[in-house]
1. Rounded to two decimals, what ratio of Rg to Rh does the chain give with C-alpha atoms and a Kirkwood Rh?
2. Kindly report, to the nearest 10 Å², the accessible surface of VAL382 as traced by a 1.4 Å probe over protein heavy atoms only.
3. What ratio of Cα Rg to 2.2 N^0.38 Å holds for region 5-59?
4. By accessible area of protein heavy atoms, probe 1.4 Å, what ranking do MET280, MET379 get, highest first?
5. Give me the Debye-computed log₁₀ of I(q)/I(0) at q = 0.14, 0.32 Å⁻¹ for region 278-323, equal point scatterers on Cα only, no solvent, two decimals.
6. Let me have the relative contact order for the chain, percent, based on Cα pairs under 8 Å that are six or more residues apart.
7. Out of every Cα pair in region 46-127, what percent are spaced more than 15 Å from each other?
8. Using packing as a proxy for protection, rank 386-398, 267-279 so that the peptide with the highest average count of other Cβ atoms within 10 Å comes first.
Amino acid sequence: MVTKDPYAALRFKEFNVFLLLRFMLVFAWSMQFIVIEWQVYSLTKDPLSLGIIGLMEIVPALSMALFAGHIVDQREKRNLFLWCIGLFSLISLGLFFLSDASVSVAWSQQSILYSIYAFVFFGGMLRAFFGPTIFSLIALIVPKKVYPNAATWSSSTWQMASILGPAFAGFTINWIGVHWSLCIVFVLVICAFLLALVISKKPVLNPKIGEPVIQSLKEGVRFVFKTKAILGALSLDMIAVLFGGAVALLPIFAQDILKVGSEGFGILRAAPAVGAFLTMLTTAYIPIARKAGLKLLFAVFGFGVSIIVFGLSSVFWISVVALFFSGVTDGVSMVIRQTILQIKTPDHMRGRVSSVNSMFVGSSNELGAFESGLTAKLMGTVTAVVFGGTMTLITVLTTGIVSPSFRNLDLEGELEAHENED
C-alpha cells in the first residue's frame, strides 16, 4: 500500500520559491491570454479570429518543441528559465503598447490585429521552451522519491493561477480596461524574474553534451513511443483536448449566448480550473495510482459528458457547473499523466520527453482552439461544442476496447518502489 506525506515536496525551501514564481507566471500568462481573447473578439466579432489565436500559438510550439527539448537537456536549467521569463516580459510589454488608446487611433484595426497575432506567435515559440525547462527544473529541486508529490503541488499551483488569472482578467477588463490589465501582466512577469534569481544554478545531468541535434531528437521520440504507458496517456489526452476545446469559444458564449459580460466570462473561464485545482488538492491526500488506466479512461469520459452539457446549456449557472466538472475530470487526467512522466523519464531526457508531451497535449489545446473556432464558423457554436464532446466520448470508448493493457495500467507498485529509495 502506498503511503504518502502530502507535504513532502513542500518541505524543500527552494521548491516553495519555485511554486510562488510559477504561480506568478501562470497567473500572468492566463490573464494575458484572456485579455487578448476579449480584445480580438471585440475587434472582429468573428469566432474564427479566436481560432486563429490558437493557430498562431500552435505553429511555433509544434515546430520548435523537439528542438527546445534538446536545448533544455544540453543547458543549465535555472539560467535558461531566466531567459524564458525575460523574453516573456518583452512580449507582455509589446501587447501593453498595442492596447494603448493612441495606437488604436494611429493604427488600423487590421494592423493591430496582425500585431497581436505576431506577439502570440512569438509567445508560442517561447512556450516551447517553458514547459521542458519547468519539468526538468522540478526534478533538480526535489529528490526522486517525492516526484509524484512535487508534480501534484506544481500542477495544483498551475491550476490555482489558472483559476485566479482568468477571473481577475474578467474583472479588470471591466474595471480598468484592456490596456491597464496588460500592465498588471507585465509587472507580474518582472516580479517572477526577480524571484527566479533566488533559485541556485543546477548541474547538467546529460552525459551526452554536444550530441548532434538529429540524434538527440530521435532518441527522445523513440523513448516516448516505446514506453507504452507514456504514449497511451499522451494520446488519449491529446484527442480529448483536441475535440473538447470549448473554452476557446467562451467569449462567444459570454457575449452572445449567455449574455453575461466580461465578469461572467471570467467566471466561466475560471470554472474548469477551480474543479481541476480541487481535484489536485484531493490527490495530494488520496493517491490515485491504483488502477490508474481505468481511472484515466473514466475521467476523460466524464470530461466529454461535461463538454456536451455545457454546449447544450442556455442557463449561466448550469454552464458554470458543467465547466467545473470538466475541470474535475481533467484534473484526474493531469495528475496521472504527470506522475507517469516523472517516474518513467530518465533525468538526462526530461527536456525532450517534456517537449514530446507538449506536442501531444499542450499544443493540442491551441489546435483544439483552432478546431473549435473553425467548426463554430462552419456549423454554429453550440453544434461545434457538442460535436467535440461527442468525439471525446467515442475516443475513450475506442481506447478502452482496443487497448486492454492501458485499461489495466497500475502505478501503485512503482510508487512504492520510489518511496523505499533513500
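1. Expressed as Rg/Rh, it is 0.95.
2. Solvent-accessible area, nearest 10 Å²: 60 Å².
3. 1.72
4. MET379, MET280
5. Debye intensities relative to I(0), on a log10 scale: -0.46, -1.04.
6. 29
7. It works out to 64 percent of all Cα pairs.
8. 267-279, 386-398
The values are calculated or read from the model by the stated rules, or taken from the named source; none is laboratory data. These numbers come from a predicted model, not from an experiment. In this analysis, Cβ positions are derived from the backbone assuming ideal geometry, glycine residues included, and neighbour counts consider all displayed protein chains. Protein only, heavy atoms only, side chains kept; ligands, DNA and RNA dropped before computing areas. Shrake-Rupley method; radii C 1.70, N 1.55, O 1.52, S 1.80 Å.
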